[in-house]
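Read through the structure below, which is laid out as structure tokens, and then see the notes.
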Amino acid sequence: MIEPISPELQKFYDVFEGVDQTKVSEFKDFLEANAVNFNLFKDGSFIERSFPFDMIPRIIPKAEFDHLEAGIIQRVKALNAFLNDVYTEQKILKEGIVPREYVDSAKGFLGEFMGVVPPKEIRTHISGIDLVKDAVSGNWIILEDNLRVPSGVSYPLTIRRAFRHTYPEFFESMKISKIKQYGDQLKAAMDYVNTGGLNVILTPGRYNSAYYEHSYLAKITGATLAEGEDLIVEENEVFLRSYNGQMLRVGAIYRRLDDDFLDPKEFDPESLIGVPYLASAYRTGNVAIMNSIGNGVADDKGIYYFVPQMIRYYLDEEPILSNAPTYLPYYEKDREYVLANIDKLVIKDVAEAGGYGVLFGNRLNPEQREEIIGMILADPRRFIAQEVIEFYDLPCMMNGEILPRKADLRAYVIHGEEISVSMGGLTRYAMEEGNYLVNSSQGGGFKDTWVVEL
């Protein structure tokens, strides 16, 4: 079902009817000239490709987005409080709001960092909150919280530049909220937690799927783009080896690699992309790491179940935005429901991301169904189950035709001295009709998101 369009919004979409194909080509050429890539690893091969895009934006009235913004900020506040609590006093576990066993068994919980307090007590510096708009209720629903290394923000920023280049008249005649200040907001957040020294964006290198984004963010923030071999830790301080041999102190690192690869002395000793002893510098408070080490416990899809309780516990507020209806096989009552209704549920592996580890019960054959039931019974903590959300399709231009495709929204949140939500976000859409997996890593495309004053 395509999201209904009010007469007030229709005027924004009307400009794309019969769009000049010369303009479309100019738009595409601009993106290709800027090397807007999202690379894939598929069947053991590295595929460098342009990120599929659609020039028809998602359009959200500002009043509607204001409601989203309030709910997202509330959620990020609670998640940051949870992370600070779970790595220090663990009050929420002691009071039984979240089961201790659930946290202790989370793949992303790093008990060796208990007692470490990051600069300014901020752990969720950059969040990507994934939402869909339910076609039944018309409400926005949170699907996932991404608090480790959320990617994708460079794509709406770049496609917005393409719009301004190709269709400057849109921004002269329409009240479209600006997003170009994201770079300034990110720099301000890095400066706020910086312990003294350079701001650095730490990248695994050009073969990473989001390397385009890493270099782009370095450019718009003025931070130094560095790989692991460019950094060295001495006496628990981090330094950048400059081109002329100088050692320049580093005060904040926006890392774009997972915990497992961040420090070969602390985590995977075979990592060639991390920085030896970086974790030690972080422990002693000599460098800010954005996002903080150990945030993966809050990314866990099982912990997602408890976020509404976190909001009530830490903020004494009712959640503004809802979770998808979720069941934890960890609990006997939920497990019985999941096993009895597996054909109509979505089963998710709690430690997976990017659309991996997602199974639709109605697509399983009898053998697959029995296999997943056996896996749930053997390790119920490993899975969650959710009702299928019939979220809206959006109109997408596909090979010259406008066709409906499932689409979500990733909202980007920066937590510095204040918490701000980018006035737009990354709308991702599936390339195939009826496909519910819109993730970029699953081959999905992207479009801009316009927040407009009506």
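The values are calculated or read from the model by the stated rules, or taken from the named source; none is laboratory data. Because the structure is a prediction, the values reported are computed rather than measured. Neighbour counts are summed over all protein chains in view; Cβ atoms, including those assigned to glycine, are modelled from backbone coordinates with ideal geometry. Ligands, DNA and RNA are excluded from the accessible area calculation, which covers all protein heavy atoms including side chains. Shrake-Rupley method; radii C 1.70, N 1.55, O 1.52, S 1.80 Å.
Global size of the chain: 22.1, 66 Å for Rg and Dmax (C-alpha atoms, Rg to one decimal, Dmax whole). Taking Tyr277, Tyr337, Tyr254, Tyr212 and ordering them by how much accessible surface each has at a 1.4 Å probe, largest first, produces Tyr277, Tyr337, Tyr212, Tyr254. With the simple model of a label 7 Å out from the Cα in the direction of the Cβ, Gln368 to Lys344 spans 2.0 nm. Any idea how far the Cα center of the stretch 317-352 sits from the one of the stretch 62-134, in Å? Going from one Cα centre to the other spans 19 Å.
Please go through the stretch 328-418 and write out the GluC sites (Glu not before Pro) that DSSP classes as loop and that have at most 16 other C-beta atoms within 10 Å.
Those that pass, being in a loop and sparsely packed, are Glu352, Glu390, Glu417, Glu418.
Please arrange Met1, Met397, Met431 by accessible surface area, largest first, computed with a 1.4 Å probe and ligands excluded.
On the way: Met1 135, Met397 35, Met431 60 Å².
Listed by decreasing accessible area, they come as Met1, Met431, Met397.
Protection proxy ranking of 73-79, 59-65, by the mean of other Cβ atoms within 10 Å over each peptide's residues and highest first, is 73-79, 59-65. Given an 8 Å cut-off on Cα distances and at least 6 residues of separation, report the relative contact order of the chain as a percent. Relative contact order comes out at 24 percent.
Run the accessible area of the chain with a 1.4 Å probe and give the carbon-and-sulfur part as a rounded percent.
Numbers: 9300 of 19180 Å².
C and S atoms contribute 49 percent here.
Determine by what factor the alpha-carbon radius of gyration of the stretch 309-427 differs from 2.2 N^0.38 Å, reporting the quotient.
Numbers: Rg = 18.2 Å, N = 119, 2.2 N^0.38 = 13.5 Å.
Ratio of Cα Rg to 2.2 N^0.38 Å: 1.34.
With protein chains left intact and a 1.4 Å probe, residues in the chain average 42 Å² of accessible area per residue. Label positions at Val15 and Glu317, each projected 7 Å from the Cα along the C-beta direction, are separated by 3.3 nm. With Cα atoms defining each centre, the stretch 357-430 and the stretch 177-197 are spaced 29 Å apart in the structure. In this structure Tyr331 has an accessible area near 80 Å², from a 1.4 Å probe over the protein heavy atoms.
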